[in-house]
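A quick write-up on the structure given underneath.
Every number here is computed from the coordinates shown, using simple stated rules; none is lab data. Since the model is a prediction, treat every value here as computed from it, not as a measurement. Ideal geometry is used to build each Cβ from the backbone, glycine not excepted, and the neighbour counts take in all protein chains shown.
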Amino acid sequence: MQAWREFRRGDGKCQSNEAIICLLMKKLQAIQDVEFTYDSQQRPPPALEEFLDAIKYRDLIYQLVLRDIIARYKRSVLGVFWTMLQPLGMMLVMAVVFSTLFHQIHGYVAYVLSGLIAWTFFSQTTSAAIFQIVWGGVLIRRIYIPMTSFSISSIGTGMVNLILSLVPLLIIVLIVGRPITWALLFLPISILLLTAFTLGLSLILSTMTIYFPDVREMYQIIIQAWMYLTPIVYPTTIIPETYRFWFLHLNPMYYMIDMFRAPIYDGALPALDVFIPGALISLITLVVGWIYFAVKADEFAYRL
Amino acid sequence: MGYLCVMKPVIILDNISVRYRAPEVRVGTFKEYAIQILKRQMRIKEFNALSNVNIQVNEGEVIGIVGRNGAGKSTLLKVVSRVLIPTEGRVRLRGWVSPLLELGAGFHPELTGRENIFLNGTLLGHKRREVETRLDEIIEFAELGAFIDAPLRTYSSGMTARLGFSIATTWKPDILILDEILAVGDENFRNKCNARIEHFRKEGTTTLLVSHSIDNIEALCSRAIWLDRGVIKASGSVQEIIAQYQHIQ
């Protein structure tokens, strides 16, 4: 009350109680309006907010990747070497199984492996992202985290595996006598475009999984079918010529695979009619997936 | 009114409503979804977990929230910790919110205690560098000793809870959210926890406490809010609210 009396005395113009209350309310409003760190009515657009928060939480993403890698190999003797050995072993099995069928391809093993390395990254990462959003749901109900962290960290883990398995792959390419050329320097671009496509699709699939948990099981079947529809273990020439063009060009993974196969297997840059549509598909998928996920993200906590 | 001028509002909830919309029958597959849509049988049930809730909490206040199960207490905490975006209304917060909703929710059993500290610290929104500087302090408070480099699956539940609490309370939060966590660990550790929360309060941390224990609320809070079926039934001084609440019970 002391402050009240002082206030009345200090401001001669303000005599009536209403006027003082009015002034005080304004003052109070001014205090309230400044320096709130969070205001649910003044948030940036969802896609931008998600992006800024993902950058802010980059250390979490790093830590999630580290967790995946540590947890996976902790109890094995060879540890992180399995990152190289496991895809390599799997690829070799595929190569041996199918090489009797397609022995007309020179250096068939390198042909399969160059495609399979991209495919393995794609299928493992998308599946991991779907799994992660379900696991992350437990956390999302309790603390605030940008939800794209889970998909991005899956990409990170996949990227580590991809880069590590490039080492044994290049050795195999040398052994089977395929040319090693400067075109290999194109690989970082291939990896980036594949990553963009995979992240975009992961975000779309994660969102769908939250609404329909069955997506997770269904996707396992789809990815299996998709793999056999993509020329990974077989040459494109076995597809009947009449509908070969559409068969290949309607499949986004055809472009992604070819952007790996051209530099690794052919020792050449990918053709422009592969690179341009491939790059467009990647970037559009990423933008669409990101926006779709971010717009829906507010609802996730209601659903999980 | 002069009193209000000095106080700095830290949490302002304006007309908050949280509305869940769920189909009456759970739809889990596309097939069911498609069938339901075709038959136009999607009966949607709406229910308000919170309706038109207005709360203002000033800096340094400790607010107790009482109410029966399903009254919307946890939903309210979720709104404040930014987990739930309210269907209607406006939330304004000042400062960093530390959620203590469930200790150790992000722990991984195969990682060591030390590795889990980094994971959990970054989940709370801290930088790795910040975790690094507080590492010794966290380990010491959790009383884990040599166990800190053993995988978490070898920990007892008490050890896990101690580690979780230690990580979450190493940084002084501006807003602390407590959902029935005071029943953690043994007597000795519980006292340590309470001392830490008390310390935060003295340093100006604003606290929201949900507890079924009226004693806890009475001992810790300055003000109480009584929620009933998503509506604020009463709010005021702790003694007043608890007297009313217990009268009804």
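From largest to smallest, what semi-axes in whole angstrom does the stretch A:222-297 give when each is the square root of 5 times an eigenvalue of its alpha carbon gyration tensor? Please report the intermediate quantities before stating the final value.
Working: eigenvalues 130, 53, 27 Å².
Equivalent ellipsoid of the stretch A:222-297: 25, 16, 12 Å, largest first.
What does the charge count around A:Gly156 come to, taking other residues whose C-beta lies under 15 Å from its C-beta (Lys +1, Arg +1, Asp -1, Glu -1)?
Around A:Gly156, the charge tally is +2.
Quick check of the Kirkwood formula: for the stretch A:139-234, what is the inverse mean of 1/r over all pairs of different Cα atoms, in Å? Kirkwood radius, the stretch A:139-234: 16.3 Å.
With the simple spin-label model, which puts each label point 7 Å out from Cα in the Cβ direction, the A:Leu92 to B:Ser213 separation comes to 6.1 nm.
Qualifying trypsin sites (Lys or Arg not before Pro) in the stretch A:65-116, where qualification requires a DSSP coil assignment and no more than 15 other C-beta atoms within 10 Å, comprise A:Lys74, A:Arg75.
What is the sum of charges around A:Gly278, taking Lys and Arg as +1, Asp and Glu as -1, for the other residues whose C-beta is under 13 Å from the C-beta of A:Gly278? All intermediate terms of the calculation are to be shown ahead of the outcome.
Working: positive: A:Arg261; negative: A:Asp258, A:Asp273.
Counting the neighbours of A:Gly278, the net charge comes to -1.
Pick out, in residue order, every one of the GluC sites (Glu not before Pro) in the stretch B:172-249 that is DSSP loop and has at most 15 other C-beta atoms within 10 Å; say none if there are none. Could you put the intermediate results ahead of the total?
Details: sites: B:Glu180, B:Glu187, B:Glu198, B:Glu203, B:Glu218, B:Glu240; in loops: B:Glu180, B:Glu203.
Qualifying residues, ordered by number: B:Glu203.
Projecting label points 7 angstrom from Cα along Cα→Cβ for A:Leu184 and B:Glu187 puts them 6.9 nm apart. Restricting the calculation to Cα atoms, every distinct pair contributes to the Kirkwood radius of the stretch A:165-219, found to be 14.1 Å.
Averaged across the residues of A:17-27, what count of C-beta atoms belonging to other chains lies within 10 Å of each residue's C-beta? Provide the component values of the computation, followed by the final result.
Numbers: counts 1, 0, 0, 2, 1, 0, 1, 4, 3, 0, 3.
Whole-number average of other-chain Cβ neighbours for A:17-27 is 1.
Scaling against 2.2 N^0.38 Å puts the C-alpha radius of gyration of chain B at 1.15. Each DSSP beta bridge with both residues in the protein assembly as shown is either parallel or antiparallel, and the antiparallel ones are about 60%.
Report, as an integer, the average count of C-beta atoms from other chains found within 10 Å of each Cβ along A:141-150.
Working: counts 7, 13, 17, 10, 7, 1, 0, 0, 2, 0.
Counting Cβ atoms of other protein chains within 10 Å of each residue's Cβ and averaging gives 6.
Report relative contact order for chain A in percent, whole number only (criteria: Cα-Cα under 8 Å, sequence separation at least 6). Reported as a whole number, the value is 25 percent.
Restricting attention to the stretch B:106-243, close to 60% of DSSP beta bridges with both partner residues there are antiparallel.
How well do other chains shield peptide A:208-219, expressed as the mean number of their Cβ atoms within 10 Å of each residue Cβ? All intermediate terms of the calculation are to be shown ahead of the outcome.
Values: counts 1, 0, 0, 4, 7, 2, 6, 2, 0, 1, 2, 0.
Taking the mean over all residues of the peptide, I get 2.
Look at the dipole of the stretch B:129-236 built from charges on Cβ: of B:Ala224, B:Thr170, B:Leu152, the Cα furthest out on the positive end belongs to B:Ala224. Residue ranges B:8-21, A:147-160 sort as A:147-160, B:8-21 when ordered by packing (mean number of other C-beta atoms within 10 Å per residue, highest first). In the structure displayed, which of B:Lys8/B:Lys172; B:Lys8/B:Lys202; B:Lys45/B:Lys78; A:Lys74/B:Lys78 lie more than 24 Å apart, Cα to Cα? In this structure, A:Lys74/B:Lys78 exceed 24 Å between Cα atoms. For chain B, the share of DSSP beta bridges that are antiparallel, to the nearest 5, is 60%.
When the Gaussian network model of chain A links Cα atoms closer than 10 Å, the mean-square fluctuations of A:Asn161, A:Asn251, A:Asn17 top out at A:Asn17. Principal-axis analysis of the Cα atoms of chain A puts helix A:215-229 at an angle of about 30° to the longest axis. Only aspartates and glutamates eight or more places from B:Lys127 in sequence, or on another chain, were considered; those with a Cα closer than 15 Å are A:Asp53, A:Asp59, B:Glu115. Estimated from helical segments only, the mean residue ellipticity of chain B at 222 nm is -11500 deg cm²/dmol, where each DSSP H run of four or more residues counts as -39500 (n - 2.57). Normalised size of the protein assembly as shown, defined as Cα radius of gyration per 2.2 N^0.38 Å with N residues, equals 1.19. Running Debye on the stretch B:202-241 with equal point scatterers at the Cα sites and no solvent, what base-10 log of I(q)/I(0) appears at q = 0.22, 0.26, 0.32 Å⁻¹? Debye intensities relative to I(0), on a log10 scale: -0.76, -0.98, -1.21.
P(r) tail, chain A: Cα-Cα pairs separated by more than 37 Å, 31% of all pairs.
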